[in-house]
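Beneath this line is the structure, given in structure tokens, with notes to follow.
The values are calculated or read from the model by the stated rules, or taken from the named source; none is laboratory data. Everything quoted here is computed from the prediction, not taken from an experiment. Glycine gets a Cβ as well: all are built from the backbone with ideal geometry, and neighbour counts include every protein chain shown. Heads up: the accessible areas ignore ligands, DNA and RNA and are worked out on the full protein's heavy atoms, side chains in. Shrake-Rupley method; radii C 1.70, N 1.55, O 1.52, S 1.80 Å.
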Amino acid sequence: MKIAIACDHGGFPLKAELVAVLEKLGHEVLDLGAHQYDAKDDYPDFARYVGQAIQHGQAERAVLLCGSGIGACVAANKMKGVRAGVCHDTYSAHQGVEHDDVNVLCLGARIVGGALAEELVAAFASAKFSGEQRHSRRLEKVLAIEKAG
Ligand code: RB5
């Protein structure tokens, strides 16, 4: 699967490790930066990069990192077609995809360490939307909210 990844300075310490894990799992990783640590960079810029990658079909899913995961998640969810969630436990990391068709996993590098983050991205990347009728119905309702603005 093509998976985009991006981070601000708060998420920077985890990004390289997660790129390596995703590649080891056989995914094609589109690294949208930050490519170097810059304490003055802003998470909405990176949320926009991954949202655009999803909107343009350059990536099916994305991993988005900031300090807490929260700011990145808020910003990413402003973009059409993006369903982002902060998942700091493995159940949510796969259940968010299976039930809610989450396509952007947001992580806080100040909250989770490398070992847990690796398990979280693996759970997220291997999960599939169940397509069960009740989940599809709920997803349609979410998409209707997005459409209504
Ligand atoms: C940056 O210092 C920090 O505020 C940002 O990475 C993120 O945690 C926001 O939610």
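What to note about this one:
- If you filter region 80-94 down to residues that are assigned to a loop (DSSP other than H, G, I, E, B) and closer than 20 Å to residue 11 by Cα, you find that the one that is nearest to the ligand (Cβ to nearest atom) is 88.
- Residue, most open to solvent (accessible area, probe 1.4 Å), within region 101-120, restricted to residues that are over 20 Å from residue 48 (Cα atoms), more than 16 Å from the ligand (Cβ to nearest atom) and touching a residue at least 40 places away in the same chain (Cβ under 8 Å): 118
- Residue satisfying all of: in region 1-36; in a loop (DSSP other than H, G, I, E, B) and away from the ligand (no atom under 12 Å from the Cβ); least open to solvent (accessible area, probe 1.4 Å) among these: 33
- Leading residue by the ranking (farthest from the ligand (Cβ to nearest atom)) among those in region 50-77 that are farther than 22 Å from residue 111 by Cβ and either open to solvent by 30 Å² or more (accessible area, probe 1.4 Å) or in a strand (DSSP E or B) (or both): 57
- Of all residues in region 133-149, exactly one satisfies the criterion of being open to solvent by 80 Å² or more (accessible area, probe 1.4 Å) and of a type in the set (Asp, Glu), namely 140.
- Where residue 97 falls short, out of the listed (1) within 16 Å of the ligand (Cβ to nearest atom); (2) in a helix (DSSP H, G or I); (3) open to solvent by less than 10 Å² (accessible area, probe 1.4 Å): (1)
- Residue check, residue 20 in contact with a Leu (Cβ under 7 Å, 6 or more places away or on another chain) and not β-branched (Val, Ile, Thr): no
- Among the residues of this structure, residue 92 does not count as one that is open to solvent by 50 Å² or more (accessible area, probe 1.4 Å) and of a type in the set (S, T, N, Q).
- The lone criterion from (1) within 16 Å of the ligand (Cβ to nearest atom); (2) surrounded by 15 or more Cβ atoms within 10 Å (Cβ to Cβ) left unmet by residue 39 is number (2).
- Residue list for region 57-77, filter: in contact (Cβ under 8 Å) with a residue 12 or more places away in the chain and more than 12 Å from the chain's Cα centre (by Cα): 58, 67, 68, 71
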